[in-house]
Amino acid sequence: MKKFMLLLMTVFTLFFCHNSFASAPRRGAVCFTFDDYFGNQWLKADSIFKKYDAHATFFIVREITAEKAEVMKKLQAAGHTVGLHTRSHRNADPLPKNWDMDKYIANQIIPQLEACKKYNIKVRSMAYPNNRRTEKTDQALFKYFDYLRAGWGKSKQPIFTPLAELPDKMVLGGGGIGTYYKSDLNKLKELLTEAHKRDALIVFFSHNIKPGARSIHMPTEMLEALLKHARELNMDIVGAEELPALKKARTQK
C-alpha cells in the first residue's frame, strides 16, 4: 500500500509540474543565427530544432542559385527565417575604395534580392559581413530590410533588448558561438538565464552546425544543450521574423 501511495504521489507531482510549466507564460527569447551557407548541414539540424519547438535564422552568402533557393524554401517551410549575407561577403564598413553605400547596395545586395524575387523567396533580414556596421550603413540598409544582424563587440550593440521595447526595424547584436569565439557552455547558459529574468531578447551567431564542430562553427552538442536550457526556462526560441509577434504579446499583457 505504501509503495502504491508513493507511486501515486510521484505521478501526481510530475503531472502537476508538467502542466504548471506548460501553462506558464513564455519569458525571454533567443535568436540563434547562422551565416554563410551550409545547406545540407542546416537541413540536418532541423530535427534538433523541431525537438525543442525552436526556429532559427539563416543568412545566405554569395549567388542565390536554384539549389540554394530550394534549401531556403525548405528552411522557411520548417518555420525558420532566411536572410541575406551579401553577394561576396564585403564589409559595409569600411567601404571598398571609391565605393559609397549606393554602390555597395547595388553590388552586394540588389543581386541577391533580385534572385530571391526570381525564386519567390521573401526576405526581411540581413547579416553584416564580419559584423561591420555604422549608423549610416544601418539607415541605408533599413530601406531593404527590417532586421540587420551584427555583433556585440566592435558594433557596440546591446546584449539584451526588452521584448516589449523591440523597434520595428533594428540591429540584432549577437555573440559568436564556436571555439574561435572561446565559447563556454556554462556562460552561454547564464546569458540565457539573464535574458529570461529580464524578459529580453538575446542573439547568437555561428556558421555550420555539425557534431564536434570547431573554429567559427557550432557543435551540434552545444546547440542542443542551449536549446534544452532555453526550453527549460520556457523562453521563446525564434527566427527574426517572429519578433513582431513577441513584442505584440508582451505589450498586450
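Please find, among Lys122, Lys103, the residue that is within 24 Å of His207 (Cβ to Cβ) and not hydrophobic (A, V, I, L, M, F, W, C).
None of the other options fit; the residue is Lys122.
Taking the condition of being under 20 Å from His80 (Cα atoms) and buried (at least 17 other Cβ atoms within 10 Å of the Cβ), how many residues in segment 110-130 meet it?
Counting residues in segment 110-130 that are under 20 Å from His80 (Cα atoms) and buried (at least 17 other Cβ atoms within 10 Å of the Cβ) gives 10.
Taking only segment 118-145 into account, find how many residues are touching a Phe, Trp or Tyr at 6+ places or on another chain (Cβ under 7 Å) and under 21 Å from Gly176 (Cβ atoms).
So the answer is 3.
Report, ordered by the first and then the second residue, all pairs with beta carbons closer than 6 Å, sequence separation of six or more or different chains, a first member in segment 36-60 that is assigned to a loop (DSSP other than H, G, I, E, B), and a second member that is surrounded by fewer than 17 Cβ atoms within 10 Å (Cβ to Cβ).
Filtered contacts from segment 36-60: Tyr52/Arg231.
Taking the condition over 21 Å from the mean Cα position of the chain (by Cα), at positive phi and surrounded by fewer than 16 Cβ atoms within 10 Å (Cβ to Cβ), does Asn107 pass?
For Asn107, the condition - over 21 Å from the mean Cα position of the chain (by Cα), at positive phi and surrounded by fewer than 16 Cβ atoms within 10 Å (Cβ to Cβ) - is not met.
Residue check, Asp184 against (1) without any contact (Cβ under 8 Å) to a residue 24 or more places away in the chain; (2) of a type in the set (Asp, Glu); (3) surrounded by 13 or more Cβ atoms within 10 Å (Cβ to Cβ), all met but one. Which one?
So the condition that Asp184 fails would be (3).
Would you check if there is a residue in segment 165-184 being outside any loop (DSSP other than H, G, I, E, B), modelled with pLDDT of 95 or more and more than 21 Å from the chain's Cα centre (by Cα)?
No, there is no match, as no residue in segment 165-184 is outside any loop (DSSP other than H, G, I, E, B), modelled with pLDDT of 95 or more and more than 21 Å from the chain's Cα centre (by Cα).
Hey, among the residues in segment 65-104 that are without any contact (Cβ under 8 Å) to a residue 24 or more places away in the chain and under 16 Å from Lys44 (Cα atoms), which one's surrounded by the fewest Cβ atoms within 10 Å (Cβ to Cβ)?
Ala77
Just need a number here: residues in segment 232-242 that are in contact (Cβ under 8 Å) with a residue 24 or more places away in the chain, out of contact with any strand residue (DSSP E or B) (no Cβ under 7 Å at 6 or more places or on another chain) and assigned to a helix (DSSP H, G or I).
1
What number of residues in segment 140-161 are exposed (fewer than 13 other Cβ atoms within 10 Å of the Cβ) and either at positive phi or modelled with pLDDT of 95 or more (or both)?
Total satisfying the criteria: 2.
Go through the residues of segment 187-198 one by one and say whether even a single one is acidic (Asp, Glu), modelled with pLDDT of 95 or more and touching a strand residue (DSSP E or B) at 6+ places or on another chain (Cβ under 6 Å).
First pass over segment 187-198, keeping only residues acidic (Asp, Glu): 190, 194.
Now restrict to residues that are modelled with pLDDT of 95 or more: 190, 194.
Within this subset, residues satisfying the condition of being touching a strand residue (DSSP E or B) at 6+ places or on another chain (Cβ under 6 Å) are none.
So far as segment 187-198 goes, no, none of its residues is acidic (Asp, Glu), modelled with pLDDT of 95 or more and touching a strand residue (DSSP E or B) at 6+ places or on another chain (Cβ under 6 Å).
Of the residues Ile216, Ile159, Ile121, which is more than 23 Å from Val61 (Cβ to Cβ), touching a residue at least 12 places away in the same chain (Cβ under 8 Å) and not in a helix (DSSP H, G or I)?
Working: Ile216 fails: more than 23 Å from Val61 (Cβ to Cβ); Ile121 fails: more than 23 Å from Val61 (Cβ to Cβ).
The unique qualifying residue is Ile159.
Within segment 187-236, take every residue that is surrounded by fewer than 23 Cβ atoms within 10 Å (Cβ to Cβ) and among the β-branched types (Val, Ile, Thr) and give me the one that is nearest to Ala77 (Cα to Cα).
Among residues in segment 187-236 that are surrounded by fewer than 23 Cβ atoms within 10 Å (Cβ to Cβ) and among the β-branched types (Val, Ile, Thr), the one nearest to Ala77 (Cα to Cα) is Thr220.
Kindly check whether there is at least one residue in segment 52-63 that is surrounded by fewer than 19 Cβ atoms within 10 Å (Cβ to Cβ), within 16 Å of Tyr37 (Cα to Cα), modelled with pLDDT of 95 or more and among the charged types (D, E, K, R).
yes
The values are calculated or read from the model by the stated rules, or taken from the named source; none is laboratory data. From a predicted model like this one, the values you see are computed outputs, not experimental measurements. Note that we place each Cβ from the backbone using ideal geometry, even for glycine, and neighbour counts take in every protein chain shown.
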